[in-house]
Amino acid sequence: MFTWTDYCVSNLIYDPDYNAIAGRLYDFSALSNDNYTVPSTHLLYMSNYPNPFNPTTTIKFSIPEKSKVELTVYNIKGQKVKTLTHNEFTKGSHSIIWNGDDESGEPVSSGVYLYKLNVNSKTEAVKKCLLLK
């Protein structure tokens, strides 16, 4: 049995099922009394380019296994702007283009936006991007 306090969560949202250290998510559910059991490591990656952007940005993410993924954009007030995807994705790297529009297809104003990656209904990461017009 071991514990530690992690003050280095950086851009990851804390989830009680995971612990973040230097950008890696460690799943300790695999621990057992067996001396040969090693915890599995899930390396999740998410970024967007260009940032700042106008008029489009590409959001890239990777997932460790086939999963249901939801990628949603919020404004700085926390209001949902647009759901970019809510689909099942295979293991590996993926990218989605956001055209700077809302759910109704209208262009959003300049400002800071947050995009959130949910994998299998768990928030894995939140990042920010800047739209400059």
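The values are calculated or read from the model by the stated rules, or taken from the named source; none is laboratory data. This structure is a prediction, so every number in the text was calculated from the model and none was measured. Heads up, the Cβs are rebuilt from the backbone with ideal geometry, glycines too, and the neighbour counts pull from every protein chain shown.
Of note:
- Condition met for Leu43 (modelled with pLDDT under 95 and either out of contact with any helix residue (DSSP H, G or I) (no Cβ under 6 Å at 6 or more places or on another chain) or within 16 Å of Glu124 (Cα to Cα) (or both)): yes
- The stretch 51-84, subset in contact with a Leu (Cβ under 7 Å, 6 or more places away or on another chain) and farther than 17 Å from Thr123 by Cα, residue surrounded by the most Cβ atoms within 10 Å (Cβ to Cβ): Phe53
- Boolean, Asn87 is exposed (fewer than 13 other Cβ atoms within 10 Å of the Cβ) and at pLDDT 95 or above: yes
- Listed by position, the strands (runs of 3 or more DSSP E) inside the stretch 47-96 whose residues that are among the basic types (Lys, Arg) number at least 2 are 80-89.
- Qualifying residues in the stretch 120-130 (those that are over 8 Å from the mean Cα position of the chain (by Cα) and at negative phi) - the one modelled with the lowest pLDDT: Lys122
- Test for Glu65: is it under 15 Å from the mean Cα position of the chain (by Cα) and acidic (Asp, Glu): yes
- Search result, residues across the stretch 99-108 that are surrounded by 11 or more Cβ atoms within 10 Å (Cβ to Cβ) and either farther than 11 Å from Val73 by Cβ or out of contact with any Leu (no Cβ under 6 Å at 6 or more places or on another chain) (or both): Asn99, Asp101, Asp102, Pro107, Val108
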